[in-house]
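A.B. asks: Before I ask anything, here is the structure I am working with.
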Amino acid sequence: MSIMDVSAGPNAFERGFQNIGAGQILLAIALILYPFMVSPFFAFQIGGQILILGMIALSLMVLAGYGGMVSLAQLTIAGIASYAVAIFGTNSVNLMGFGWPWWIVTPFAILVAAIIATLIGLISVRTTGIYTIMITLAISTAFFYFATQNHSLFNGFAGYRGVDAPTVFGIYWRDPIPFYFLCLVVAAIAYGLVLYCQSSSFGLALQASRDNPRRMRAIGYNVTAVKVFAYFLSGLIAGTAGVLYAWFNGRISPGTVSVGESIGILVIAVIGGLRHPIGPFLGALVYVMMKTFAIDLIGAERFNTLIGLVFLIIVFISPDGILGLWQRLKPHLAPTSLRPS
């Protein structure tokens, strides 16, 4: 069956959401009730951070899971959006700060991030495998050192502080519950967009370009354009998360976009699973919970060792991450009468 044959069936919206069942509905209800059942710390610091990091890892999942392109520059793209919010919006540093209102600076920052992601894509899509990883790692490293050493634009290592979330309709969007719901709505939109694209003509073309680019070119597809557009889409998602990340931290500095943090996004995506959009959020849940609570037991300096061990164990047991492990265990957890014979 060809891509055109698949596209001729149910529309992409129907195909993308046809697998939503009772489990997903219950999860949605739990996420809505979550901030009312926990303390403000858990709603803001845990819930908000999981959703933001999950979105950045989701942008990586679009590239790696659907396109076979592993990028270590997704946090850099999010960081560029954060810097754009600080520079063109308001901050408490006596440097830059154009004072644009949030409803202008937010789409502007996301667009800048998407454009930068597209430019990165134009460079990296001409390579494959380890070369793509090295190119995006080099870009991530270069941006980190450029931001650290540039004082006139990025304010060096100190970065920008006082990057505040807006107050809209009398609601201060950095308050724990409003901020959590803001992140939840944005994450749900990003999740739905990726789920839609998965079964759209573009998504099918991207996956086919991953599996057999030579055949795709033979039937008339511009494989390079398809992959570059995937970078643009991932840039929109990462850029949106970057805006939320700036509001979450109240600041942006080179430490936020360091190489170690960039690799952490890859770890999140792989731990959760790269075969479905929910995987990055599962990985973010594990990562944030460990980063928040495990350091009290082992110390902050040993966190990378711990998360590295967890990464190795999960990948060794299930190369598809937590999601793949669940898919393998699910038949054994079902009632005997419902198990396939």
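The values are calculated or read from the model by the stated rules, or taken from the named source; none is laboratory data. Nothing here was measured: the structure is a model prediction, and the numbers come from that model. Using ideal geometry, Cβ is built from the backbone for each residue, glycine included, and neighbour counts are taken over all protein chains shown.
A.B. asks: Could you tell me which of the residues SER209, SER234, SER262 is in contact with a Lys or Arg (Cβ under 7 Å, 6 or more places away or on another chain) and either within 18 Å of SER71 (Cβ to Cβ) or in a loop (DSSP other than H, G, I, E, B) (or both)?
C.D. replies: SER209
A.B. asks: PHE303 fails exactly one of the following numbered conditions: (1) in contact with a helix residue (DSSP H, G or I) (Cβ under 6 Å, 6 or more places away or on another chain); (2) at pLDDT 85 or above; (3) not acidic (Asp, Glu). What is the number of that condition?
C.D. replies: Answer for PHE303: the failing condition is (2).
A.B. asks: I would also like to ask the following. Considering each residue of the stretch 171-192, count those that are buried (at least 18 other Cβ atoms within 10 Å of the Cβ) and within 18 Å of the chain's Cα centre (by Cα), and give that number.
C.D. replies: Looking only at that region, the number is 10.
A.B. asks: List pairs: first in the stretch 130-149 and under 18 Å from MET61 (Cα atoms), second assigned to a helix (DSSP H, G or I) and among the small types (Gly, Ala, Ser), Cβ under 8 Å, 6+ apart or cross-chain?
C.D. replies: If the second residue must be assigned to a helix (DSSP H, G or I) and among the small types (Gly, Ala, Ser), the pairs left are THR132/SER124; ILE135/SER124; THR136/SER124; LEU137/SER262; SER140/SER262.
A.B. asks: Right, GLY235: in contact with a Cys (Cβ under 8 Å, 6 or more places away or on another chain) and surrounded by 24 or more Cβ atoms within 10 Å (Cβ to Cβ) or not?
C.D. replies: Numbers: in contact with a Cys (Cβ under 8 Å, 6 or more places away or on another chain): no; surrounded by 24 or more Cβ atoms within 10 Å (Cβ to Cβ): yes.
Considered against the rule, which asks whether it is in contact with a Cys (Cβ under 8 Å, 6 or more places away or on another chain) and surrounded by 24 or more Cβ atoms within 10 Å (Cβ to Cβ), GLY235 comes out as no.
A.B. asks: Considering only the stretch 161-198, state which residues are β-branched (Val, Ile, Thr) and closer than 29 Å to PRO277 by Cα. Before you say what the answer is, go through the steps one by one.
C.D. replies: Of the residues in the stretch 161-198, the ones β-branched (Val, Ile, Thr) are 163, 167-168, 171, 177, 185-186, 189, 194.
Those that are β-branched (Val, Ile, Thr) and closer than 29 Å to PRO277 by Cα: ILE177, VAL185, VAL186, ILE189, VAL194.
A.B. asks: Please report, ordered by residue number, the helices (runs of 4 or more DSSP H) entirely within the stretch 1-89 with at least 3 residues that are modelled with pLDDT under 95 and of a type outside the set (Phe, Trp, Tyr). Please lay out each step first, then the result.
C.D. replies: On the way: elements: 3-7, 12-17, 22-37, 49-61, 74-88.
Per the criteria, 3-7, 12-17, 22-37.
A.B. asks: Confirm whether PHE154 is part of a loop (DSSP other than H, G, I, E, B), of a type in the set (A, V, I, L, M, F, W, C) and touching a residue at least 12 places away in the same chain (Cβ under 8 Å). Explain how you work it out, then say what you get.
C.D. replies: Details: part of a loop (DSSP other than H, G, I, E, B): yes; of a type in the set (A, V, I, L, M, F, W, C): yes; touching a residue at least 12 places away in the same chain (Cβ under 8 Å): yes.
Yes, satisfied.
A.B. asks: With (1) part of a loop (DSSP other than H, G, I, E, B); (2) without any contact (Cβ under 8 Å) to a residue 60 or more places away in the chain; (3) of a type in the set (A, V, I, L, M) as the list, and LEU95 as the residue in question, which single condition is left unmet?
C.D. replies: Looking at each condition in turn, LEU95 falls short on (2).
A.B. asks: Further, regarding this structure: Out of the residues in the stretch 271-280 meeting the condition of being under 12 Å from the mean Cα position of the chain (by Cα) and closer than 16 Å to SER71 by Cα, tell me which one is modelled with the highest pLDDT.
C.D. replies: That would be PRO280.
A.B. asks: Based on what the data block shows, is ALA113 surrounded by 19 or more Cβ atoms within 10 Å (Cβ to Cβ) and within 30 Å of THR224 (Cβ to Cβ)? Show your work before the answer.
C.D. replies: On the way: surrounded by 19 or more Cβ atoms within 10 Å (Cβ to Cβ): yes; within 30 Å of THR224 (Cβ to Cβ): yes.
It is true that ALA113 is surrounded by 19 or more Cβ atoms within 10 Å (Cβ to Cβ) and within 30 Å of THR224 (Cβ to Cβ).
A.B. asks: Here's a follow-up. Residue pairs, Cβ under 7 Å, 6 or more apart or interchain, first in the stretch 264-287 and at negative phi, second of a type in the set (S, T, N, Q) and assigned to a helix (DSSP H, G or I). List them.
C.D. replies: Short answer, once both residue conditions are applied: ILE265/GLN74.
A.B. asks: Let me ask something else about it. Before we move on, is TYR196 crowded, with 17+ Cβ neighbours inside 10 Å and either more than 22 Å from ALA238 (Cα to Cα) or modelled with pLDDT under 95 (or both)?
C.D. replies: Working: crowded, with 17+ Cβ neighbours inside 10 Å: yes; either more than 22 Å from ALA238 (Cα to Cα) or modelled with pLDDT under 95 (or both): yes.
Answer is yes for this residue.
A.B. asks: Could we say that LEU206 is in contact (Cβ under 8 Å) with a residue 12 or more places away in the chain, buried (at least 20 other Cβ atoms within 10 Å of the Cβ) and under 21 Å from the mean Cα position of the chain (by Cα) here? Before the answer, list the steps.
C.D. replies: Working: in contact (Cβ under 8 Å) with a residue 12 or more places away in the chain: yes; buried (at least 20 other Cβ atoms within 10 Å of the Cβ): yes; under 21 Å from the mean Cα position of the chain (by Cα): yes.
So LEU206 fits the description; yes.
The rows are residues; the columns are (1) under 22 Å from LYS291 (Cα atoms); (2) surrounded by 24 or more Cβ atoms within 10 Å (Cβ to Cβ).
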residue: ILE32; (1), (2): no, no
residue: PHE42; (1), (2): yes, no
residue: MET55; (1), (2): yes, yes
residue: SER59; (1), (2): yes, yes
residue: VAL70; (1), (2): no, no
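A.B. asks: Tell me, which residue of the stretch 117-131 that is buried (at least 22 other Cβ atoms within 10 Å of the Cβ) and of a type in the set (Val, Ile, Thr) is nearest to ARG214 (Cα to Cα)? Steps first, please.
C.D. replies: First pass over the stretch 117-131, keeping only residues buried (at least 22 other Cβ atoms within 10 Å of the Cβ): 117, 120-121, 124-125.
With of a type in the set (Val, Ile, Thr) added as a condition, the list becomes 120, 125.
Details: ILE120: 23, VAL125: 14 Å.
Among them, the one singled out is VAL125.
A.B. asks: Determine, yes or no, whether ARG161 is under 21 Å from the mean Cα position of the chain (by Cα) and more than 23 Å from MET61 (Cα to Cα).
C.D. replies: Details: under 21 Å from the mean Cα position of the chain (by Cα): no; more than 23 Å from MET61 (Cα to Cα): yes.
No: the conditions fail for ARG161.
A.B. asks: Determine which single condition THR127 fails, assuming it passes every other condition in (1) within 22 Å of VAL70 (Cα to Cα); (2) modelled with pLDDT under 95; (3) not in a loop (DSSP other than H, G, I, E, B).
C.D. replies: Only one criterion in (1) within 22 Å of VAL70 (Cα to Cα); (2) modelled with pLDDT under 95; (3) not in a loop (DSSP other than H, G, I, E, B) is unmet by THR127, namely (3).
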